[in-house]
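Only one structure is covered here, and it is reproduced in the block below.
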Amino acid sequence: MAISWVLAADSSHAKILRADNRVGPLVPIEELEHPESRMKDTELYSDAPGRAFDSGGQGRHAMENEVDAKKEESIRFAKSLCEKLRQAAIDKNFDKLYILAAPAFLGELRECMDDNVKSLVAGEIAKDVVKQTPEEIRNKLPDFL
């Protein structure tokens, strides 16, 4: 009997659920939080941006941070989820994987997912459902997993 896992995620929260049979309910396995993704940029940066002189003249202007800190935290969370899925695939904890994630976060997951896990992905839905109940999430998936 094939075991299906369902990952429902956004940039700060993820649920991993399991379906033991093709038509059964989803059973929660694990919930993961990444509170850093919800922090304000000012809380993530250690200090204010620096200032620089204009290249031709007397003016000065503020420098911008090169990397968006919230995006960086979102990518960090995606990588940790991908690593968890990679290890679960190696351990043969699931045969099929369905991913329901916020559109931008789904793209980040695709970028960091290894080929072994990608080969087990049976479906993707670009929708943020992480705050929904397992029953509501199950209703968004195919009738037969």
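The values are calculated or read from the model by the stated rules, or taken from the named source; none is laboratory data. Predicted model, so just to flag it, every value in this text is computed and none were measured. Reconstructed Cβ throughout: ideal geometry from the backbone, glycine too, with neighbour counts over all protein chains shown.
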Going through (1) modelled with pLDDT of 95 or more; (2) part of a helix (DSSP H, G or I); (3) in contact with an Asp or Glu (Cβ under 7 Å, 6 or more places away or on another chain) one by one, A89 fails only at (3)
Expected output for region 76-90 (first residue within 17 Å of L106 (Cβ to Cβ), partner among the small types (G, A, S), Cβ below 8 Å, 6+ apart or cross-chain) is F77/S11; F77/S12; F77/A14; F77/S37; A78/S11; L81/A9; L81/A14
Counting only residues in region 16-55 that are out of contact with any Pro (no Cβ under 8 Å at 6 or more places or on another chain), within 30 Å of D143 (Cα to Cα) and outside any strand (DSSP E or B), the one modelled with the lowest pLDDT is identified as R22
Flagged in region 94-119 as within 17 Å of the chain's Cα centre (by Cα), of a type outside the set (D, E, K, R) and surrounded by 16 or more Cβ atoms within 10 Å (Cβ to Cβ), in numbering order, are L97, Y98, I99, L100, A101, A102, F105, L106, L109, C112, M113, V117
Counting only residues in region 4-16 that are in contact with an Asp or Glu (Cβ under 9 Å, 6 or more places away or on another chain) and among the aliphatic types (A, V, I, L, M), the one surrounded by the most Cβ atoms within 10 Å (Cβ to Cβ) is identified as A8
Going through region 126-145 in order, the residues found to be surrounded by fewer than 16 Cβ atoms within 10 Å (Cβ to Cβ) and outside any loop (DSSP other than H, G, I, E, B) are A126, E135, E136, N139
